[in-house]
Structure formats: structure tokens, C-alpha cells
Protein chains: 2
Amino acid sequence: MHEFKVVARDLKTSARTGLLKLDHGEVRTPCYMPVGTQASVKALSSEDVMACGSEILLANTYHLMLRPGAELLARAGGLHAFMHWEKPILTDSGGFQVFSLADLRQISEDGVRFQSHLDGSPWEMTPESATMLQHQIGADIIMAFDECIPYPSTEKYVEESVDRTARWAERCLAAHRKSGRESRQALYGIVQGSNFPHLREKSAKQLGLLEFPGYAIGGVSVGEPKESIYEVVKYTAPYLPADKPRYLMGVGTPEDLWECVERGMDMFDCVMPTRIARNGTALTRRGGIALKNARYAGDLTSLDPDCSCECCRNYTKAYLRHLFQAEELLVLRLLSLHNLHFMTEVTALIRNAIVENRFGEAKRGFLEEYFGPAGA
Amino acid sequence: MHEFKVVARDLKTSARTGLLKLDHGEVRTPCYMPVGTQASVKALSSEDVMACGSEILLANTYHLMLRPGAELLARAGGLHAFMHWEKPILTDSGGFQVFSLADLRQISEDGVRFQSHLDGSPWEMTPESATMLQHQIGADIIMAFDECIPYPSTEKYVEESVDRTARWAERCLAAHRKSGRESRQALYGIVQGSNFPHLREKSAKQLGLLEFPGYAIGGVSVGEPKESIYEVVKYTAPYLPADKPRYLMGVGTPEDLWECVERGMDMFDCVMPTRIARNGTALTRRGGIALKNARYAGDLTSLDPDCSCECCRNYTKAYLRHLFQAEELLVLRLLSLHNLHFMTEVTALIRNAIVENRFGEAKRGFLEEYFGPAGA
């Protein structure tokens, strides 16, 4: 099942809130998907992720193919059963990882040959194999296999790549239709085109003809300035079907969510919340808290008095800082839990603001508090 | 409050089961205390430790004094509040750590000067200061400051040390009585004497005269053979008051519990369950499972079909092994949780066997299954 309905729209911007119904449950959009790269959201159990309010999580076909292998996942009854996550899952096709992690890549019309970043073993990925792997993994939403090019790239190369990505998308769709799994897994197309507006438009139109049930903007968050991401979203989103979910891959921070929802996006994912947690940083309404800072050594208040997560209910900044200084593993879990909870709270703030038609005001209020009175 | 009552005794051995009532709750003995060295049981939250069935945990005065400092703990409302653990706590006095971790020790009649193992800063610990630090930390049971000597040591040195430990114990008791905290915190004495039966007897008798509410056997598990620990317990326990709790410090494994309960001990602590968890080993009724072993790669059953812990309820060996191979932090928590749960289950088996007067039989059955049919 894949049903998407826009529930409310902001009157002044492209922001919207919706409901996405999938086999494993409903997802309120805008949504933020925690990243469970290797069948685990780092430092958290599936029960923890559930407690953070996450309604869908993301996993990576490339990583899972290498380890533990898609065959095992199929035998386990799919990734849901393997990692004991009963809500929806989205898998990235592996395109991004093949182009960012793997060694000795050779791209042809057929697909990509590369070596595993783990052990140098030789692998091949094609639109058909990426689709089949995702069938074995069994996520509710699967992604077309695309070429994710570096930033910056020449216009000529980007155009060639956009065309190839469209041809690959068509092959993914054909493989998916043939599998008979369309009713259980929805295949989304990925728009590429780097930072060339006319190529983003071209890519969106090429993929639009294929009538995917959802669309992603890919090839962003690959090292370009933040403003450039917002620009790409601004000129690409209008070419994506208005009645289908729009997923911005690999983005982002709390401010990115407000900015990109404003420009019409519905779905997000990023490793940031759990990654900065492992560096001892907590996200709060008043910005980040770096627990290394000695000022927290005697601070017997919670990270955020308004937060209801397990970390804030039970532990103080002084305790968390002590754990971080003493290199106790527990702090990695508690901060990851808090940060993920915070990001789902941000999506809830955004959804409520849209429903109540005060998105602009809510965005200003959030960013002012988040960046401080100086607005920096 | 400190009340101890023996509930049942095995008719053929010195095994007994009892109930220990403390300000923060009741502890059924034999009990196994998870070790929260630095105000954290490694990889677990206090909620996790609670879910393992632990009724009392141990923390270390030496570590807490260095970091985060006993003053902060006092200001936080004690260690219970600081680490959000509402059940009983026992703190070791620091004796063992001063003699095993600290640098440049100088022992005098007054106490010990040493350098912190963390940063080389100079510290001093006396019976009075160790007692006062434990008042600030606020555990339900606190330990006398003893000299924990290496194994092996000469008879002459051990005798001098036993006498000094007795004089120090008397000073701890005087400091504790003066504090007016006797009704809230119980001070236990620690019997030393290395592996000399007549010095263990001497130490037990010296401390017995001081009428502590509980007694520990210290200076074991310091590198001597396992059989030697059992021997020390065998000839020392009879000199400890029969109506008071007997705590065997730093011990041990599942088989150690059966052997030392049989010889009359009630309380145990060890880092083993969480330490081996971090090396990828799970404890089960049928012995240890080393998840590194390739045989578990496709094993879609839980660690132990009879275990009700979160790890066994939700995850398979194949998933746990994948997490371990992929270096995912989650596996450290799940295995720590399982191993601690297992150890509290072992104490429950022992308690039930004593109540039902089948301790010997239950011990044989457990060890046969644990070590396999070969009995090795």
C-alpha cells in the first residue's frame, strides 16, 4: 500500500503537511527519517527509535548488500523482522554510497562495477540488481538506482548523467513491475541535475513521465554550500507532482527542515542527530549544547526542561557531561535518543504550524530561539 | 535502615538465602551487584539495569572521588539521584583501586598518599576521608577503608597489613558513628589475610569484635587461581557472624556463585558480565556464546530461548553477530543487558534451590549444562 494525501497547505509558501499510508503504518509528513545505515540507528535499539517518535526509518542497500547480505535479510523475513522494527522503512538504492564510498568505480550504461570499501571485493550494481536487492530487504519505500555525481561537475557531464539516471529509472521501474511487488513496496524516482536549474527541470520532467508514486531530490548535501541546497529545492520542487511525496535526500539540520519544507519538501533523512550525539553535542530549542564545555560540569538541570525524552526525564547535564568525560558508552545512547527525539519534535512543530496556518511566524520564532537573539 | 534475615538454609552445605532491607529497598540474597564504577554500569542506563532484575548496584569511591567528585554528588542529592537509580547502592571504599590503579603509593599508619591514574594529581585517602567521601556519595552500604595487598605476599607483610586494616576499620567505624549517619548507611568491615588461613581467622576475629552490620571477604580475585578463592572462602566464612550478610568482593562467574554460596557467601559483584559483553560474548545456560564465530552468521534464533530479556525477546544471534561485525554500538548494550539479566537469573535459581532444599542437585544440574556433558 502507498497512499499519500496532503492534509493542509500553508497559504503563503509551498509548505504542506500530509499523511502517507504504507503497509507497516502511517507516516505524518513532513517527516524525519533516522538513518539505520547498517540495520541499526547508531547507538539505539529499534525500541529506542520508536520512543523517539520516529514513524519511518532509512537503511542503505549498499551497506546491507555487503554486510550481512540481502539473502540473509530475505531469509530473516526482511529487514523489518531482522532489526525488529515494525514501522515503515525506506531503503536508499545504494547509488549514493557506490559513488561516495566504493573504490575503483567503472560506470557503464549497464551499471557500475566497484570494489567494496570494507574488503576490496568486486561487486556490480545495475538498476535491476539494486531493485532486486531492495525486494529482498523488503522496505516499504525503495529508491531507483541513480548516478550521484560529485559537486561541482561540468554541465556536460551532469547532462549525460541526468539522461543515464532517467534510463536507469525506467529499468528500475520495469524490474519492479515485473516483480509483482508494487502493491507492497513503492518505488520512488530520484531527480538529479546538480546545481543546474535547467538540468534539474529536465530530470524532473523525464522522471515525471514515468509516474513514480513519489519523488526524491538527490545529489544534494554532497559538499556544496547550504544556500545552494535551498536554491536547488526552490527551482526543482515546482516540477515535482504536487500530489506525491517529495523526499530531500541526506538533509538535514533543524533549520534545513524549516527552509526546505517552506520550499515544498515532505521527507528528510540525515545522520547528523546521531553523529553529533557521538561528539557530545545535544540539540535544543536554544541551539546546540556541547557537553565538553566545563560550564556544564555542575549543571544539575536537564538538557531541555520542555523535552519529554528518556534522557531529559532522568538525567542532568552534569551527569551527561560526566559520562562524556569518563568515556562511558551510555552517553552516546542518551544523546542520540535526545537528538532524534528533538528532530521528530521539530517536524511536529512544523506540521502543527502548517495546520494552524502560522508556518511563517512559527519558522521565525523557532530560528530566533535556535540561533539566539543575535540571529547568528 | 539495615536489617538482614536468613530466610532458608541448605541442610547439607553452608548455602543460605536471606532478605536484606535497606533505605532504598529490599535485596534478596544471594545477590549479584552490577558494577557501576563511574556512576554508570557500562553501556547500560539505570532503567536498563533495573530491567535486568538487579536489586542493588555497586559504585567505586576512588573513581567517583576523582571524577566527577564527591562534592558534586552531594550537591546532586547523592549518587542515587545523580545516576537516577532508586534502589540500593553499595560503594567500595576505594581501598582496592588505590592499591591496583593509583601510582606512587605511600602507605603510612595514617593512610595512603598516591597519584591519580587519570592525571597524576596528588591525593590522600585515610579511613576518615574514605568514610566521609562515602557519606557524600550516600550509598546504602559503605565499606571500611582497607589495605588490599597483592597476591602473593609474604606472611610477615600480610600479618602487618591485617593488623593495620583492623586499626583502620576501627577508625572508619568511629568516623561513621560520629557522623550520625548510621541509621541511613551501613558500614561493612573487610576481612583480609591473603591466602593464610590463620591470618584470615585473625582478621575475621579482629573485625568481629567491632560488630559491623555486615562483613566482606576482600583481597580475593587479585590474580590467584580460582581454587584458591574457594579455599579462602571455605576457611574464612565460618569466622564471620552467621546472622550478618557476607559479601565476597570482586567475584565472579556463574560457577563462582554456586561454589561460594555453597561455602556461605551472600553478596557478589564483578565487572565480568558487562566486560565480556563488550568482547562479543553472551552467557547462557549452555555456556558462553562468542558471537564472532561464523557459525552464528545465519542463526535466526535468540541467544537463549528461555531468556526474557529485551535482547532475547527482540533480536536473533544473526542480528547480534551482524552488529558486532559492523561495530555497531547497540550490540554492546544488548549483550551487557542480556549478561546481567543472566547473572540475576542465576542468583534466582540459587535462591529457589535453597528454599526448596535442593541446592546440591541444582548446582550439579546447572554446572553440567553450563560446561557441557564432558563436565569441562
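Only one of (1) touching a strand residue (DSSP E or B) at 6+ places or on another chain (Cβ under 8 Å); (2) within 11 Å of chain A (Cβ to nearest Cβ) is not met by B:Glu327, so which one is it?
(1)
Based on what the data block shows, is B:Asp23 under 13 Å from B:Ile141 (Cβ atoms) and among the acidic types (Asp, Glu)?
Judged against the criteria, B:Asp23 is a match.
Before we move on, is B:Thr29 crowded, with 24+ Cβ neighbours inside 10 Å, closer than 30 Å to A:Ala318 by Cα, at pLDDT 95 or above and more than 14 Å from chain A (Cβ to nearest Cβ)?
Answer is no for this residue.
In the range A:273-296, what residues are more than 14 Å from every other protein chain (Cβ to nearest Cβ), farther than 25 Å from B:Leu79 by Cβ, touching a residue at least 40 places away in the same chain (Cβ under 8 Å) and of a type outside the set (Lys, Arg)?
Passing the criteria: A:Pro273, A:Ile276, A:Thr281, A:Leu283, A:Thr284, A:Gly287.
Counting only residues that are within 19 Å of A:Leu57 (Cβ to Cβ) and assigned by TED's automatic domain parsing to the domain that holds A:Met33, give me the strands (runs of 3 or more DSSP E) lying completely in the range A:86-155 with at least 2 of them.
Hits in the range A:86-155: A:89-92, A:141-143.
Being within 30 Å of B:Gly77 (Cβ to Cβ), at pLDDT 95 or above and over 18 Å from the mean Cα position of the chain (by Cα) is true for just one of B:Ala175, B:Ala186, B:Ala139. Which residue is that?
B:Ala175
For the range A:46-76, which positions are under 11 Å from A:Leu133 (Cα atoms) and more than 10 Å from every other protein chain (Cβ to nearest Cβ)?
A:Asn60, A:Thr61, A:Tyr62, A:Met65, A:Ala70, A:Ala74
Out of (1) surrounded by fewer than 21 Cβ atoms within 10 Å (Cβ to Cβ); (2) among the charged types (D, E, K, R); (3) touching a strand residue (DSSP E or B) at 6+ places or on another chain (Cβ under 8 Å), what's the single condition that is false for B:Arg16?
(1)
Report the residue count in the range B:187-235 for those that are touching a residue at least 24 places away in the same chain (Cβ under 8 Å) and part of a loop (DSSP other than H, G, I, E, B).
Of the residues in the range B:187-235, 16 are touching a residue at least 24 places away in the same chain (Cβ under 8 Å) and part of a loop (DSSP other than H, G, I, E, B).
Answer yes or no as to whether B:Gly223 is in contact with a Pro (Cβ under 8 Å, 6 or more places away or on another chain) and surrounded by fewer than 22 Cβ atoms within 10 Å (Cβ to Cβ).
Yes; evaluated as a whole, the condition is true for this residue.
Suppose we filter the range A:3-25 for residues that are assigned to a loop (DSSP other than H, G, I, E, B) and either touching a Ser or Thr at 6+ places or on another chain (Cβ under 8 Å) or more than 15 Å from A:Leu349 (Cα to Cα) (or both); how many remain?
6
For B:Gly95, which of the numbered conditions (1) at the interface with chain A (Cβ under 9 Å from one of its Cβ atoms); (2) modelled with pLDDT under 95 fails to hold?
(1)
Take B:Arg105 and tell me if it is in contact (Cβ under 8 Å) with a residue 24 or more places away in the chain and over 18 Å from B:Ile141 (Cα atoms).
So B:Arg105 fails the test.
Kindly indicate whether any position in the range B:142-159 is under 22 Å from B:Gly77 (Cβ atoms) and at pLDDT 95 or above.
Yes; the residues of the range B:142-159 include at least one that is under 22 Å from B:Gly77 (Cβ atoms) and at pLDDT 95 or above.
Considering (1) closer than 29 Å to A:Met1 by Cα; (2) free of Cβ contacts under 8 Å to residues at least 60 places away in the same chain; (3) of a type in the set (Ser, Thr, Tyr), say which one A:Ser183 fails and leave the rest.
Of everything listed in (1) closer than 29 Å to A:Met1 by Cα; (2) free of Cβ contacts under 8 Å to residues at least 60 places away in the same chain; (3) of a type in the set (Ser, Thr, Tyr), A:Ser183 misses just condition (2).
Taking the range A:297-311 as the region of interest, how many residues are within 14 Å of chain B (Cβ to nearest Cβ), out of contact with any Leu (no Cβ under 8 Å at 6 or more places or on another chain) and of a type outside the set (S, T, N, Q)?
Selection size over the range A:297-311: 2.
Within the range B:138-152, track down each residue that is more than 23 Å from B:Asp163 (Cα to Cα) and buried (at least 24 other Cβ atoms within 10 Å of the Cβ).
Of everything in the range B:138-152, those that are more than 23 Å from B:Asp163 (Cα to Cα) and buried (at least 24 other Cβ atoms within 10 Å of the Cβ) turn out to be B:Gly138, B:Ala139, B:Ile141.
Conditions tested, residue by residue: (1) part of a helix (DSSP H, G or I); (2) in the same structural domain as A:Arg351 (by TED's automatic domain parsing).
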position	(1), (2)
A:Val251	no, no
A:Ser302	no, yes
A:Asp306	no, yes
A:Cys311	yes, yes
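The values are calculated or read from the model by the stated rules, or taken from the named source; none is laboratory data. If you're wondering where the values come from, they're calculated on a predicted model, not measured in any experiment. Here the Cβ is made from the backbone with ideal geometry for all residues, glycine too, and neighbour counts use every protein chain on show.
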